[in-house]
1. Just to confirm a number: summing +1 for Lys and Arg and -1 for Asp and Glu over residues other than residue 20 whose beta-carbon lies under 14 angstrom from that of residue 20, what do you get?
2. Counting other Cβ atoms within 10 Å of each Cβ, which trypsin sites (Lys or Arg not before Pro) in segment 1-66 have at most 12 and sit in a DSSP loop?
3. Going by the alpha-carbon gyration tensor, a ≥ b ≥ c the square roots of its eigenvalues, is segment 29-94 rounded (a/c under 1.5) or, if a/c is not under 1.5, prolate (a/b greater than b/c) versus oblate?
4. Apply 1/(1 + (r/R0)^6) to the Cβ-Cβ distance of residue 9 and residue 36, taking R0 = 22 Å, and write down the FRET efficiency to the nearest 0.05.
Amino acid sequence: MLLAVAGFDDQALQERLRRLAGRDWSGFSAAERVAFDFAHKQAQEPAAITAADVGPLVRHFGPERALDVIWWACRCHYMIRVADAFQLPLERDNVFSGVVPRKEEQQPPKP
């Protein structure tokens, strides 16, 4: 849903999700690939994360944004585990639809 809130239309969203799930990340930037690799390892082996895994994030994003990547990956993995543990269903619809206007719907600032 975060991608939808970010302004991806349905077709772009589906294409991006397909590419992410397929692990063919060659079409993404080097920084995005580093973030995806980190999040994937964290999901599979969280106790195995070391400074060597964080270093590439810092090189590509800087220390503050690297922390953002780590924090969001942790938060998302935690929420998935809570939802799975309690068997909480995912929303069928985008609950944010209409809350944040898509880029094409946004009005330019008035001078």
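The numbers here are math on the coordinates, done by the rules we state, and not lab data. Here the structure is a predicted model, which means the values were calculated and not measured. Ideal geometry is used to build each Cβ from the backbone, glycine not excepted, and the neighbour counts take in all protein chains shown.
1. That sum, taken over residues with Cβ under 14 Å, equals +1.
2. Here the trypsin sites (Lys or Arg not before Pro) that fit, given the DSSP loop and packing criteria, are 23.
3. Details: a/c = 2.63, a/b = 1.83, b/c = 1.44.
Prolate, since a/c reaches 1.5 and a/b exceeds b/c.
4. Working: r = 22 Å, r/R0 = 0.99.
The computed FRET efficiency comes out at 0.50.
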